[in-house]
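Each remark here refers to the structure printed beneath this line.
The values are calculated or read from the model by the stated rules, or taken from the named source; none is laboratory data. In this text the structure is predicted, and so the values were computed from the model without any measurement. Note: ideal-geometry Cβ built from the backbone for every residue, glycine included; neighbour counts use all protein chains shown.
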Amino acid sequence: MTAEGVKVPEGINYILLSIVYQEGELPEELQIEKGNKATAYRPAPEETDEEITTLKTELEFQAGLIESKLSRDDFNTLKGTVDSHTIKITQTEKDIQSKASQDSVNTITKEVKHHESLISQNAKAIESKMSTTDANAKFATQS
C-alpha cells in the first residue's frame, strides 16, 4: 500500500489519516515521512529502544550463566582429583578383599590355641619322661 504525491500545505501542523481496509488486510508496517524521498520501513525509536533493552537483559542473564560455570582449568583440576581418588578407592577395595575375614581369623586363633595346648602337654610329658629316665639312670648306677 503506497500513497505517492500527497502534498501537505504550508502551515499545517496536524494530519488526519484514515485507512480503509478489509478484515485481515491491515498493514503491519505503516510509515509517514516528512520530505520528498520515500524510504524503507523502519521501526519507531521507542520500539528499537524496547528491543535493545530486552536483548541487553537477555545478554546480561547469559553472561551470568557463563560466569557461574567452571573454567576449563578448574574442571581439569577437579577431574584430576576425582581420578586420583578413584584409583585410591579401587586399590583400597582390593586391599580389603585380600584380607582374611574375622571368621577365618577366629578359626585360626582357635587352632593355634589348641596346638599350643598340645605342645605344652607334650612338653610336660617329655619333661616327665626325662625326669624318670634321669632318675632310673641314677638309680641304675647306684646299685
All positions within the stretch 31-49 that are surrounded by fewer than 10 Cβ atoms within 10 Å (Cβ to Cβ) and hydroxyl-bearing (S, T, Y): T39, Y41
Search result, residues across the stretch 67-114 that are outside any helix (DSSP H, G or I) and of a type in the set (A, V, I, L, M): L70, A100
Near pairs, Cβ below 8 angstrom, 6+ apart or cross-chain, from the stretch 40-64 (closer than 16 Å to L30 by Cβ) to any residue that is modelled with pLDDT of 80 or more and assigned to a helix (DSSP H, G or I): P43/E51
Test: residue in the stretch 18-26 that is assigned to a loop (DSSP other than H, G, I, E, B), modelled with pLDDT of 75 or more and aliphatic (A, V, I, L, M): no
